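Participant: Sharing a structure, written as structure tokens. Questions coming.
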Amino acid sequence: MKQTSLRQLFGKDSAPKKEDVPVTVIDLFCGCGGFTTGAVMAGCSVSLACDSDFEALQCHKNNHPECTHSNAPLPMDIAFPTDRRFHLHGSPPCQKFSVAGVRNRHEGDRERPGHLITWFLETAITCGAHSWSMEQVADKGLIRLLRSYRLPKAPHRNNIDWDVFDFANNGVPQNRRR
């Protein structure tokens, strides 16, 4: 299976042309900017990058000075564009329930995805974005949550789909199931 590119989601050829208007991306929980770097390499324009970690955001700012940067805790109210011509991406923190995140974990954290994941999903579905994506660990609790969004009576059941990818299959030198 080949993943759809952001450009394909917007009905453009996969290779950007000089006269093309770049796809605008908003990157929440941006960290140092891994997703932003990939989006820029794909010909997209990242208009907003937001993270609560000041040092990570400074690194992002050094790598992507053309972006507007917001050092703010999420969840928060965001004034999204109203023209539906943007892609929203988020990588909510997963340390509380990932297999690797044993520090700072409390009893029961592994059984339920964090409130930031739920906030991001609700925001992504309702913000008016043309498309959206989320990177997250393939945890049992997260998969249960995603399945609940696909139940027949779920209000947004047609607005969410997901899959699990092993990033080693894409050249990342480690097994990261996301």
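The values are calculated or read from the model by the stated rules, or taken from the named source; none is laboratory data. Just so it is clear, the model here is predicted, and its values are computed rather than measured. When we count neighbours, we look across all protein chains shown, and the Cβ atoms used for this are built from the backbone with ideal geometry, even at glycine. Note: accessible area is taken over every heavy atom of the protein model, side chains too, but ligands, DNA and RNA are not part of it. Shrake-Rupley method; radii C 1.70, N 1.55, O 1.52, S 1.80 Å.
Participant: Restricting the first residue to segment 151-178 and requiring it to be free of Cβ contacts under 8 Å to residues at least 24 places away in the same chain and surrounded by fewer than 10 Cβ atoms within 10 Å (Cβ to Cβ), which pairs with a second residue that is basic (Lys, Arg) and not in a helix (DSSP H, G or I) meet a Cβ separation below 7 Å and a spacing of at least six or different chains?
Facilitator: Within 7 Å, the pairs are Leu151/Arg157.
Participant: Within segment 20-87, which strands (runs of 3 or more DSSP E) (wholly inside it) include 2 or more residues that are surrounded by 15 or more Cβ atoms within 10 Å (Cβ to Cβ) and in contact (Cβ under 8 Å) with a residue 24 or more places away in the chain?
Facilitator: The strands (runs of 3 or more DSSP E) meeting that bar are 24-28, 45-51.
Participant: Could you grab me the full set of residues in segment 89-113 that are buried (at least 19 other Cβ atoms within 10 Å of the Cβ), assigned to a loop (DSSP other than H, G, I, E, B) and modelled with pLDDT of 60 or more?
Facilitator: Hits for segment 89-113 are Ser91, Pro92, Cys94.
Participant: So how many residues does segment 119-140 have that are crowded, with 16+ Cβ neighbours inside 10 Å and either farther than 27 Å from Cys44 by Cβ or modelled with pLDDT under 90 (or both)?
Facilitator: Counting residues in segment 119-140 that are crowded, with 16+ Cβ neighbours inside 10 Å and either farther than 27 Å from Cys44 by Cβ or modelled with pLDDT under 90 (or both) gives 5.
Participant: Select from segment 1-14 the residues that are hydrophobic (A, V, I, L, M, F, W, C) and either open to solvent by 60 Å² or more (accessible area, probe 1.4 Å) or modelled with pLDDT of 95 or more (or both) and list them in ascending order.
Facilitator: Passing the criteria: Met1, Leu9.
Participant: Need pairs with beta-carbon distance below 6 Å; first residue farther than 17 Å from Asn159 by Cβ and in contact (Cβ under 8 Å) with a residue 40 or more places away in the chain and within segment 127-138, second assigned to a loop (DSSP other than H, G, I, E, B) and among the polar types (S, T, N, Q); sequence gap 6+ or separate chains.
Facilitator: Hits for this filter: Glu135/Ser91; Val137/Ser98.
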